Every structure is written in structure tokens, then in C-alpha cells.
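Asker: My structure is below; once you've seen it, I'll send some questions.
The values are calculated or read from the model by the stated rules, or taken from the named source; none is laboratory data. From a predicted model like this one, the values you see are computed outputs, not experimental measurements. Please note: Cβ atoms are built from the backbone with ideal geometry, for glycine as well, and neighbour counts cover all protein chains shown. The area values use the complete protein model at the heavy-atom level, side chains included, leaving out ligands, DNA and RNA. Shrake-Rupley method; radii C 1.70, N 1.55, O 1.52, S 1.80 Å.
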Amino acid sequence: MLLPLRIPLLLLTFFTFVAAPLGAQVPEEREDVVEEEEMEEEGDDDDDDDEDHATTADDFRAGLAKARISLAEAVLRANRVVAGDVLAAHLDVEREDDELEVEFQIMILRDGEIWEVEVDAVSGWVDEIEKMGLLDEVVGGEAEEDDDEHEHEHGEEHEHGEEQEHGEQPAPGQIRPAPVVALDPLNLAFEDLAPGSTPKGFAIAETNGADKPAAWSVVRDNAAAEGKQVLSVKSANAGQTFNMLLSENAFPANLELAVKLRADSGEEDQGGGLVWRARDEQNYYITRWNPLESNLRIYKVEDGKRTQLQSARIEAPGGATWHTLGVRVHGAKMRVDFDGKALLEIEDTTFTSPGKVGLWTKADASCSFDSLAIHPLK
């Protein structure tokens with residue numbers, strides 16, 4: 001269901017890139033292929049080393065059989081790492097030392113720049129990300145071939161890769177390679193986590209922060225919605241600072257989210273919410289319940305600026321009362337449920353790609369969360 005408007009382009013590109021090499025690399029004399037293979041079996045081997053290592057039509061067929069993920073799945077995984085518009089995708093098969101290397105190459109347009117993402121067709125891992133250049137330069141053929149500049153840029157990319165390997169995190173919003181998350185449902189009840197810890201695979205973040213992130217941690221709570229532990233967030237922030245706990249990896253664009261939450265305290269704000277399709281801590285969708293304002297709302301956040309998309313008045317007690325907040329998103333359609341009732345329903349196409357998910361509060365809102373569920377939709 002990924003990028004439905006671009007599926008014809010992907011299919012066309014796939015056949016263009018796969019069929020063209022087949023036609024280009026098969027000689028016109030292929031009518032004699034059977035006779036040539038029989039001659040090879042009889043011992044008349046070709047002495048040309050270059051031809052021995054050339055990629056043939058049979059290699060492409062073997063590469064297709066070797067691939068363990070589809071073209072559509074490769075596009076999905078590439079788009080998790082580089083969120084943007086998919087321009088083209090094709091299968092690339094190369095023979096090296098009698099071994100076939102099979103990978104998908106996906107071209108993605110993001111913020112006016114074209115990126116090439118290579119996805120291993122067997123393991124499914126993102127192997128390499130390379131910026132090709134600005135759209136006008138790449139398409140118009142106006143890119144300058146400056147070797148010194150290229151070597152300088154390549155060196156910077158190499159150094160950047162070494163920094164990541166040694167644990168230094170990229171700046172917020174920076175494109176980064178990342179392991180691809182399985183498409184299985186994720187359910188977090190926080191019962192098996194050590195008090196004082198945060199869930200594995202999630203990281204503390206904030207939008208418009210003042211370098212004093214909220215404290216997120218698992219705590220024991222005899223009044224938990226389920227079990228004896230909850231995930232608590234305590235904040236002393238104010239104004240337009242949004243406190244977040246974001247997944248480190250992306251989830252599919254179409255999914256269902258649900259969480260139980262309790263509005264513990266807050267002078268300026270109370271309550272909390274859910275985040276989805278997040279590119280980073282500055283760009284995402286969010287729905288939140290605020291008992292101080294007696295409303296439930298859905299917003300989009302672009303470059304740190306929050307825009308309200310819909311609001312519903314709701315009278316629900318805060319304090320010690322637990323409530324259930326749920327979201328269902330499929331394509332442009334988004335529905336928000338509160339305590340089992342559908343209260344918000346919109347269509348929006350600001351963010352359409354897979355992205356991170358997480359939990360959210362605003363300013364000084366301290367909240368407890370329990371039973372977080374993330375279910376991808378087919």
C-alpha cells in the first residue's frame with residue numbers, strides 16, 4: 001500500500017531497469033545460446049576472463065531467485081531511512097568472484113535533493129546512502145565534475161560514517177542509516193523493565209526545547225492501569241516546548257496506535273498524546289488530550305511549528321482516572337478514539353511516509369502511560 005500514486009512509476013521503472021539490461025547484455029546471436037551451452041558442457045570454455053565475470057541474463061534470473069524481499073518492500077525500507085518522494089527503483093545484479101551480489105537501488109527526492117539508497121535484496125538491510133545532488137543538477141545534467149570537491153565531500157561522508165560507528169549521534173532531522181524494524185505488532189506494558197529505565201528502542205527528545213528535557217522513566221505504581229508499573233514523564237518546561245519519547249526506528253505509515261494515559265499534574269498544561277509518521281522531533285503528527293482545556297485535538301508539527309487540524313470538546317476527569325487514547329491511520333485518513341469513541345476524523349497529506357512513533361506531552365504536563373500498542377496495518 002506504500003505510495004499508491006507512484007506504484008505505476010515503480011513498476012515501469014522496475015521493468016525498464018531489469019528488462020533493459022537483459023536486452024542489452026544478451027547478444028544478437030542468442031539464437032545459438034543452446035548450442036553454445038552444449039559446447040561449454042563439452043569442454044569448449046571461453047578463455048576471456050572479462051566474459052567469465054560479466055553479468056548475463058542467467059545471472060539476473062538467479063539474482064531474482066536469490067532475492068528475499070520484493071521491490072515494494074525494498075522501497076518501504078529505503079523510505080524509512082530517507083523520507084521523501086520515490087523517483088525510481090530497480091534491481092541490480094553484479095557478479096564478483098563467482099558470487100552474485102543482489103541489491104535494490106532506490107532514488108528518492110527529499111527537499112530538492114536526490115538520494116540513492118541501496119538495500120540488500122537478501123538481508124533487507126540498508127547498505128549505503130548517497131546524495132546524488134540537487135534535482136535540477138542531476139536531471140538537467142548541469143552538475144559540475146570537480147574532482148577535488150568530490151574527494152572533499154567523499155572524505156566528509158567517510159568521516160561522518162566513522163563517527164556514527166563510534167556512537168556519535170547525527171544532528172536532529174539528519175538522514176541516517178538505521179536497522180529496519182520488523183512489521184510485527186509491538187506491545188509495551190512496562191512490567192518487565194527495570195524501574196528508572198526507558199523502553200529499549202525509544203529515545204528522549206523534545207521540540208523547541210530549552211536543553212532541559214523531561215524525565216521519562218519506568219516507575220512502580222500500585223494504581224497502574226494494568227500490572228504494577230507505568231511509564232512516567234515529569235516536566236518543568238513551559239510554553240511551546242513539547243516533550244517526547246520517540247522510537248529510534250521507523251514504523252509503517254499505515255498503523256494503529258493505542259495507549260492508556262493518566263493526567264498526573266501540570267499548571268500550564270496537562271494530559272498527553274501519541275505521535276506518528278515522525279521524520280524527527282520537529283516534523284510529525286500528534287493527537288493529545290488536555291483535561292485543563294476539556295478538549296481532544298489533532299495537530300501536525302512542521303519545522304517545530306504546531307498547526308491544529310481538528311478539535312473536539314470532551315469532559316473527562318484528570319487526576320487518578322485512566323483513559324484510553326487510540327489512533328488509526330491509513331493513507332491520508334486519520335481517526336482518533338478516546339475511551340472507545342471516535343471523536344476526530346480528518347484527511348491530510350503533509351506526512352505520507354513511514355516514520356517514528358512515540359508519546360508526547362506539552363510544557364509542564366506530567367503524565368503516566370501504560371499498555372502502549374503499535375500495530376502496523378497491511
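Asker: Inside segment 299-313, can you point out the residues that are touching a Leu at 6+ places or on another chain (Cβ under 7 Å) and not small (Gly, Ala, Ser)?
Answerer: TYR299, LYS300, GLN310
Asker: How many of the residues in segment 181-194 are modelled with pLDDT of 90 or more, surrounded by 11 or more Cβ atoms within 10 Å (Cβ to Cβ) and in a loop (DSSP other than H, G, I, E, B)?
Answerer: Matching residues across segment 181-194 total 4.
Asker: Select, from GLU128, GLU116, GLU94, the only residue that is of a type in the set (Asp, Glu) and either touching a Lys or Arg at 6+ places or on another chain (Cβ under 9 Å) or outside any strand (DSSP E or B) (or both).
Answerer: Working: GLU128 fails: either touching a Lys or Arg at 6+ places or on another chain (Cβ under 9 Å) or outside any strand (DSSP E or B) (or both); GLU94 fails: either touching a Lys or Arg at 6+ places or on another chain (Cβ under 9 Å) or outside any strand (DSSP E or B) (or both).
Just a single option satisfies the conditions, and that option is GLU116.
Asker: From the list GLU142, GLU163, exactly one residue is more than 24 Å from the chain's Cα centre (by Cα) and either of a type in the set (Lys, Arg) or modelled with pLDDT under 55 (or both). Which is it?
Answerer: GLU142
Asker: Moving on to the next point. Looking only at strands (runs of 3 or more DSSP E) that lie completely in segment 291-378, which have at least 2 residues being among the polar types (S, T, N, Q)?
Answerer: Ranges flagged: 305-313, 366-376.
Asker: Would you be able to say whether some residue in segment 354-364 is surrounded by fewer than 19 Cβ atoms within 10 Å (Cβ to Cβ) and farther than 24 Å from ALA236 by Cα?
Answerer: Checked segment 354-364: no residue is surrounded by fewer than 19 Cβ atoms within 10 Å (Cβ to Cβ) and farther than 24 Å from ALA236 by Cα.
Asker: Could you please find all residues in segment 68-97 being basic (Lys, Arg) and open to solvent by less than 40 Å² (accessible area, probe 1.4 Å)?
Answerer: Passing the criteria: only ARG80.
Asker: Here's another thing I want to ask about it. Conditions: (1) under 22 Å from HIS323 (Cβ atoms); (2) surrounded by fewer than 20 Cβ atoms within 10 Å (Cβ to Cβ). VAL233 meets all but one. Number of the miss?
Answerer: (2)
Asker: Take the residues of segment 43-93 that are closer than 27 Å to GLU113 by Cα and among the charged types (D, E, K, R): which is modelled with the lowest pLDDT?
Answerer: The selected residue is ARG80.
Asker: Additional query: For segment 326-343: of the residues being out of contact with any Ser or Thr (no Cβ under 7 Å at 6 or more places or on another chain) and open to solvent by less than 20 Å² (accessible area, probe 1.4 Å), which is nearest to ALA373 (Cα to Cα)?
Answerer: The qualifying residue nearest to ALA373 (Cα to Cα) is GLY326.
Asker: Filtering segment 98-115 down to residues that are farther than 23 Å from GLY355 by Cβ and either at pLDDT 85 or above or in contact with a His (Cβ under 8 Å, 6 or more places away or on another chain) (or both), which residue is surrounded by the most Cβ atoms within 10 Å (Cβ to Cβ)?
Answerer: From segment 98-115, those farther than 23 Å from GLY355 by Cβ are 98-103; that's our starting set.
Those left that are additionally either at pLDDT 85 or above or in contact with a His (Cβ under 8 Å, 6 or more places away or on another chain) (or both): 101-103.
On the way: GLU101: 17, VAL102: 20, GLU103: 22.
Within segment 98-115, the match that is surrounded by the most Cβ atoms within 10 Å (Cβ to Cβ) is GLU103.
Asker: In addition: So for segment 286-297 (the condition being surrounded by fewer than 18 Cβ atoms within 10 Å (Cβ to Cβ) and within 20 Å of GLY201 (Cα to Cα)), does at least one residue qualify?
Answerer: The answer is no; no qualifying residue exists.
Asker: While we're looking at this one, here's another question. Given ARG288, ARG279, ARG262, which one is part of a strand (DSSP E or B), modelled with pLDDT of 95 or more and within 26 Å of ALA332 (Cβ to Cβ)?
Answerer: ARG288
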